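A.B. asks: I'd like to ask some things about the structure below.
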Amino acid sequence: MVVLVLCIGLWTYVAVKTSMRELRTDGLTALLNAQLGTAEIWIDDKASDARRWASDPRVRSLVLGLGRRAEAATPSRGAVGANPRGGSGW
């Protein structure tokens, strides 16, 4: 009789443990899928914003102006690494 009760108890424990593991796996899978969907929507939204901004002539003009300013502020190749006080810089 005691052996039967122990066997039923063990069987119940294993069944509950397996069921809880499956529930936890299903819940985490659903959470991961939801977060993945959210990330994809966010990325699509940002890409749409970038396309919209890129097609705006005002934004394109401002970006080109910034690019020209950056090129003008960049030292020439010969000046890179040169010491403004003279010498090799080392």
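The values are calculated or read from the model by the stated rules, or taken from the named source; none is laboratory data. Being a predicted model, the structure only gives us computed values, none of them experimental. Methodologically, a virtual Cβ is constructed for each residue, glycine included, from the backbone with ideal geometry; neighbour enumeration extends over all protein chains shown.
A.B. asks: Assigned to a helix (DSSP H, G or I), modelled with pLDDT under 95, surrounded by 10 or more Cβ atoms within 10 Å (Cβ to Cβ) and out of contact with any His (no Cβ under 7 Å at 6 or more places or on another chain), is that true of VAL63?
C.D. replies: yes
A.B. asks: Do any residues in the range 7-28 that are touching a residue at least 12 places away in the same chain (Cβ under 8 Å) have Cβ atoms under 6 Å from those of residues that are surrounded by 10 or more Cβ atoms within 10 Å (Cβ to Cβ) and part of a helix (DSSP H, G or I), where the two are at least six apart or on different chains, and which pairs are they?
C.D. replies: Cβ pairs passing all conditions: none.
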